[in-house]
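**Q** The structure is given below, and queries will be raised subsequently.
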Amino acid sequence: QVQLVESGGGLVQPGGSLGLSCAASGALSSIYPMAWYRQAPGKQREMVAAIGSFGNTNYADSVKGRFTISTDNAKNTVYLQMNSLKPEDTAVYYCHAVRHGYWGQGTQVTVSS
């Protein structure tokens, strides 16, 4: 089983940027596709962004043009760059290996002035 560990969450003002990282304990190349999900209080967990082994990406409409998912296979790490953050982006963000069903523990992102 591959462990996923997220980092990089925190408090940021509206309009600001934040970068998340997800480090995999095993070879990232063996567990694609990878995705970032988020869950806000009282809401269902939703997919934010996903990336396949060929670098193909998919984004939720609410984050298109603001968030970017990327990977570094040499570092076994998945990234989520979040720009132009809004209060509605506040949630716990999770890293997910879609095909294998692995989840990270989550990292809190709070967008507030």
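**Q** Considering only residues of the stretch 11-35 that are part of a loop (DSSP other than H, G, I, E, B) and without any contact (Cβ under 8 Å) to a residue 60 or more places away in the chain, which is surrounded by the most Cβ atoms within 10 Å (Cβ to Cβ)?
**A** Residue satisfying both the conditions and the ranking: 26.
**Q** Which of the residues that make up the stretch 43-61 are modelled with pLDDT of 95 or more and more than 14 Å from the chain's Cα centre (by Cα)?
**A** 43, 44, 56, 61
**Q** Moving on to the next point. Look at residue 5 and say whether it is without any contact (Cβ under 8 Å) to a residue 60 or more places away in the chain, under 12 Å from residue 95 (Cβ atoms), of a type outside the set (Lys, Arg) and not in a loop (DSSP other than H, G, I, E, B).
**A** Here the answer is no, as residue 5 does not meet what is asked.
**Q** Now, a different point. Specify the residue that is nearest to residue 1 (Cα to Cα); the eligible residues are those in the stretch 60-82 that are open to solvent by 20 Å² or more (accessible area, probe 1.4 Å) and of a type in the set (S, T, N, Q).
**A** 76
**Q** Considering only the stretch 36-58, I want to know if a residue exists there that is acidic (Asp, Glu) and either out of contact with any Phe, Trp or Tyr (no Cβ under 9 Å at 6 or more places or on another chain) or open to solvent by 20 Å² or more (accessible area, probe 1.4 Å) (or both).
**A** Yes, the stretch 36-58 contains at least one residue that is acidic (Asp, Glu) and either out of contact with any Phe, Trp or Tyr (no Cβ under 9 Å at 6 or more places or on another chain) or open to solvent by 20 Å² or more (accessible area, probe 1.4 Å) (or both).
**Q** Can residue 85 be described as more than 24 Å from residue 1 (Cα to Cα), open to solvent by less than 20 Å² (accessible area, probe 1.4 Å) and not in a helix (DSSP H, G or I)?
**A** For residue 85, the condition - more than 24 Å from residue 1 (Cα to Cα), open to solvent by less than 20 Å² (accessible area, probe 1.4 Å) and not in a helix (DSSP H, G or I) - is met.
**Q** So, one more: Just to be sure before I move on: is residue 93 open to solvent by less than 50 Å² (accessible area, probe 1.4 Å) and not in a loop (DSSP other than H, G, I, E, B) in the structure I sent?
**A** It is true that residue 93 is open to solvent by less than 50 Å² (accessible area, probe 1.4 Å) and not in a loop (DSSP other than H, G, I, E, B).
**Q** Another question, then. Filter the stretch 97-113 down to residues that are open to solvent by less than 40 Å² (accessible area, probe 1.4 Å) and in contact with a Pro (Cβ under 9 Å, 6 or more places away or on another chain) and give me whichever is farthest from residue 47 (Cα to Cα).
**A** Per the stated criteria, the residue is 111.
The values are calculated or read from the model by the stated rules, or taken from the named source; none is laboratory data. A quick note: this is a predicted structure, and the numbers were derived from the prediction, not measured. Methodologically, a virtual Cβ is constructed for each residue, glycine included, from the backbone with ideal geometry; neighbour enumeration extends over all protein chains shown. Note: accessible area is taken over every heavy atom of the protein model, side chains too, but ligands, DNA and RNA are not part of it. Shrake-Rupley method; radii C 1.70, N 1.55, O 1.52, S 1.80 Å.
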